[in-house]
Amino acid sequence: MRTVGGEAPHRRAVVTGGAGFLGSHLCEELLRRGWAVVCLDNFLTGATTNIAEFLQHPRFELAHCDVTENAHVRGPVDLVLHFASPASPVDYLEMPIETLRVGSVGTERALALARDKHARFVLASTSEVYGDPQVHPQPEDYWGHVNPIGPRGVYDEAKRYAEALVTAYRATYGVDTGIVRIFNTYGPRMRPADGRAIPTFVRQALAGEPVTVSGDGSQTRSVCFVDDLIEGVLALADSDLAGPVNIGNPWEMTVLQIAQDVLAATGSTSHIEFVDRPVDDPGVRRPDTTLARTQLGWEPTVSWQEGLQRTVAWFAEELSRSA
């Protein structure tokens, strides 16, 4: 029994990409629950500031390494959470080869670690495996509508390959695996210039710049506050479920509504400026979370209003510090 949900002072987790947005929140919550945590990160997109408060923690270890080259960890390991990957369009469009390598070679090295240590393995997959979906909302048994040679293909296909590899390791070697498909997540520690909608809108609004909405803003997203997402990931880790399991907020809204709400939350006088939509930008995005609700007892609890307020407050402090 992994007992991720309770005190486990002798349990040890490895988080690849542990200095990233989601990875650092995972490290923080695992430490809070009594786990020992090993963070593996090459800081390609992660930041030391995300984990600075853990560096002196007696149960936290940091290994500066590239998991496509090395994912060796000494001593016992009970859980491997593979979250290493560029995840924003700005990052994976600038680093296509690195994105493909961490989804392929990096995933296999992390799986080999879990196999060697007889540990539970959880892959951070993504709603992007559904592409520009023709089924709405998206259930886990939908195969997706992805352009493998489009600009987003390097990320989409890296994650689709990773899912296939995890499934093969489970079937071939009996590794205890789980796959989580993460839908749009937001909150503190996102990089202001990472290119995703919410940090971009918040940064622009706080700076008094035009808030740039792609297309006419009618495309939809379902956004989940990071605290809820982490709860869902650890609920899957604490289960025997193989997945894939959608973890995200089933409440859907337009990108234009998100921008308008950001303007209201920041009190900004900025105006909205419409720009061209990126290639293969999904028209809709909403998870069917029936599986997470019925099998894991999970559903999001942080409202959009609360999550946005907390996010804006963090960004305001972060931007004032770096000004």
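The values are calculated or read from the model by the stated rules, or taken from the named source; none is laboratory data. Keep in mind it's a predicted model, so treat the numbers as computed, not measured. Glycine gets a Cβ as well: all are built from the backbone with ideal geometry, and neighbour counts include every protein chain shown.
Here is a yes/no grid of residues against (1) on the phi < 0 side of the Ramachandran plot; (2) modelled with pLDDT of 95 or more:
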residue: 142; (1), (2): yes, yes
residue: 165; (1), (2): yes, yes
residue: 168; (1), (2): yes, yes
residue: 180; (1), (2): yes, yes
residue: 191; (1), (2): yes, no
residue: 195; (1), (2): no, no
residue: 202; (1), (2): yes, yes
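Of the residues examined, residue 215 is not one that is out of contact with any Pro (no Cβ under 8 Å at 6 or more places or on another chain) and exposed (fewer than 14 other Cβ atoms within 10 Å of the Cβ). Comparison of 279, 284, 245 shows that the only residue that is closer than 16 Å to residue 139 by Cα and at pLDDT below 95 is 284. Is at least one residue of the range 301-321 surrounded by 19 or more Cβ atoms within 10 Å (Cβ to Cβ), within 28 Å of residue 143 (Cα to Cα) and either touching a helix residue (DSSP H, G or I) at 6+ places or on another chain (Cβ under 7 Å) or at pLDDT 95 or above (or both)? There is no residue in the range 301-321 that is surrounded by 19 or more Cβ atoms within 10 Å (Cβ to Cβ), within 28 Å of residue 143 (Cα to Cα) and either touching a helix residue (DSSP H, G or I) at 6+ places or on another chain (Cβ under 7 Å) or at pLDDT 95 or above (or both). Restricting attention to the range 155-207, the residues that are more than 13 Å from the chain's Cα centre (by Cα), among the hydrophobic types (A, V, I, L, M, F, W, C) and part of a loop (DSSP other than H, G, I, E, B) total 2. Taking helices (runs of 4 or more DSSP H) that do not extend beyond the range 249-323, which have at least 1 residues that are of a type in the set (Gly, Ala, Ser) and closer than 24 Å to residue 90 by Cβ? Here the list reads 255-266, 304-322. Any residue at all in the range 248-259 that is under 22 Å from residue 18 (Cβ atoms) and not β-branched (Val, Ile, Thr)? Yes. Residues of the range 69-99 that are without any contact (Cβ under 8 Å) to a residue 60 or more places away in the chain and closer than 21 Å to residue 180 by Cβ: 71, 99. Residues of the range 216-241 that are more than 18 Å from the chain's Cα centre (by Cα) and either in a helix (DSSP H, G or I) or within 20 Å of residue 159 (Cα to Cα) (or both): 241 alone.
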